[in-house]
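Since the structure comes first, as structure tokens, the remarks are kept for the end.
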Amino acid sequence: MSANKPIDFFRNWNGKLFCEAFSTIRLKNDRYKMGERYDITLNDQWCGDAEIVHIVDFKLNQMKESMSYLDTGFGVRETIEQLLSIYGNDVLNETFTYIVLKRLTKDYHLNLHLNAFKPNIDAVVQG
């Protein structure tokens with residue numbers, strides 16, 4: 001693991017940590033900055049490092065379906081329910097941040113997962 005700041009996940013929502021790019025919805029915090037590298041961990045297990053390539057601040061009532069489905073695999077209502085179960089009901093009016101990260105380090109599990117889908121992708125491309 002490097003000396004980057006960590007971004008820890010306790011659940012691999014929507015299987016996103018297998019992807020080359022993935023998102024996270026967090027309470028707004030100045031520690032998240034465009035272009036910076038972060039160690040990605042899942043339950044304190046290092047999964048590689050990633051760079052923030054996009055940040056958008058929003059209130060929960062401004063969440064878009066595209067944000068919620070890509071991040072958690074759920075619609076807006078279910079995603080807000082999950083966020084409130086994590087942070088508590090007192091964050092209803094707080095500012096959140098939608099963060100998109102680009103994976104910089106590949107890990108063994110990611111490669112196995114991607115290779116499992118390669119034959120199907122090749123069949124579709126070859127038509």
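Here, each number is a calculation from the coordinates, and none is a lab measurement. A quick note: this is a predicted structure, and the numbers were derived from the prediction, not measured. Reconstructed Cβ throughout: ideal geometry from the backbone, glycine too, with neighbour counts over all protein chains shown.
Summarising the label geometry, the points placed 7 Å from Cα in the beta-carbon direction at ASN43 and GLU65 lie 3.3 nm from one another.
Name the shape class, rounded, prolate or oblate, that the alpha-carbon gyration tensor gives for the range 12-115, where a ≥ b ≥ c are the square roots of its eigenvalues, rounded holds for a/c under 1.5, and otherwise prolate holds if a/b is larger than b/c and oblate otherwise.
Here the range 12-115 falls in the prolate category.
Lysine pair count for the range 1-105 with Cα-Cα distance under 16 Å and sequence separation of 8 or more or different chains is 6.
Compactness ratio for the range 18-72: Cα radius of gyration over 2.2 N^0.38 Å (N = residue count) comes to 1.20.
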